[in-house]
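Single-structure report; data block below.
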Amino acid sequence: MSVPRGRLIVLEGQESAGKSTQAPRVLQWLADRGIDAMLVREPGGTDAGEKIREMVLHVPYQLTAAAEALLFMASRAELVDRVIKPALRDGRTVLLDRFFLSTYAYQVAGRGLDSALVASANALATQGLVPDLTVVLTLSAAERRARLDRRGGHDKIERAGDQFHSRVDAAFERFLDPAWQASHPESGPIVGIDGAGTEDEVLNRIATAIVHAWPETFAVSSGFHQQ
């Protein structure tokens, strides 16, 4: 008897919107409901991907926009082929911290690369894999800056400047438009979630979105109620 395909849930959003904070909390929420799930991140998740992550985020020299995008794609291709697709075939739920919406936001909108060329390269990297649900965490620029300042140690993308991040903000807002989603079927369903408030409040909103997507599978415990 064949194993039902697992689900791919992606967490997206601007720098310091709360993805990396919420990702392990969502993973635990899934585990508490008996869901066999794993957490991976982009770039990263494989030996090659982690080396690429260090190169694009932390080396002292500036890559060209095209080189940066292609390195992200290389990490993605490794992750999809070696980790995500095998896990989905085994029936596991994969929780992914960033996927190709980040490329569309940072390298297309932010860096100004040609959208059609990037979409074509992304299709090669993803092998046609479409997320089952993408959660985009939203937060005001002022609150994000405050979080970045509290955290310190900004990487190269975080230091890219206000105009760059304004273009990225506009892109993530555009991704929530049903018309944009209809014209980009590779994106799958996307839902925006307010990233403001306590960590538990944000987790509750994400949990509610997951339950709404698969009410027959996920049950919300008394600790997390639908709003």
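The values are calculated or read from the model by the stated rules, or taken from the named source; none is laboratory data. Just so it is clear, the structure is predicted and the values come from calculations on it, not from any experiment. All Cβ positions, glycine included, derive from the backbone under ideal geometry; neighbour counts span all protein chains shown.
Only residues in the stretch 21-49 that are closer than 16 Å to Phe72 by Cβ count as the first member; pair them with residues that are among the basic types (Lys, Arg) and in a loop (DSSP other than H, G, I, E, B), Cβ under 9 angstrom, at least 6 apart or cross-chain, and list the lot.
Arg41/Arg98; Glu42/Arg98; Pro43/Arg98
What's the total number of residues in the stretch 76-91 that are touching a residue at least 12 places away in the same chain (Cβ under 8 Å) and more than 14 Å from the chain's Cα centre (by Cα)?
So the answer is 11.
As an exercise: evaluate Thr134 against (1) touching a residue at least 40 places away in the same chain (Cβ under 8 Å); (2) assigned to a helix (DSSP H, G or I) and give the number of the one condition it does not meet.
For Thr134, the exception is condition (2).
Can you tell me which residue within the stretch 80-121, out of those that are among the charged types (D, E, K, R) and not in a helix (DSSP H, G or I), is surrounded by the fewest Cβ atoms within 10 Å (Cβ to Cβ)?
Per the stated criteria, the residue is Asp114.
Within the stretch 19-44, take every residue that is under 13 Å from the mean Cα position of the chain (by Cα) and small (Gly, Ala, Ser) and give me the one that is farthest from Ala196 (Cα to Cα).
Gly44
Quick one: which residue in Val211, Val191 is modelled with pLDDT of 95 or more, under 15 Å from the mean Cα position of the chain (by Cα) and surrounded by 13 or more Cβ atoms within 10 Å (Cβ to Cβ)?
That would be Val191, the only listed residue that is modelled with pLDDT of 95 or more, under 15 Å from the mean Cα position of the chain (by Cα) and surrounded by 13 or more Cβ atoms within 10 Å (Cβ to Cβ).
Listed residues Val130, Val59; which is within 16 Å of the chain's Cα centre (by Cα) and surrounded by fewer than 14 Cβ atoms within 10 Å (Cβ to Cβ)?
So the residue among Val130, Val59 that is within 16 Å of the chain's Cα centre (by Cα) and surrounded by fewer than 14 Cβ atoms within 10 Å (Cβ to Cβ) is Val130.
State all residues of the stretch 10-67 that are of a type in the set (S, T, N, Q), in contact with a helix residue (DSSP H, G or I) (Cβ under 8 Å, 6 or more places away or on another chain) and in a loop (DSSP other than H, G, I, E, B); if no residue qualifies, say none.
Correct list: Gln14, Ser16, Thr46.
Kindly check whether there is at least one residue in the stretch 147-165 that is closer than 30 Å to Pro215 by Cα and surrounded by fewer than 14 Cβ atoms within 10 Å (Cβ to Cβ).
no
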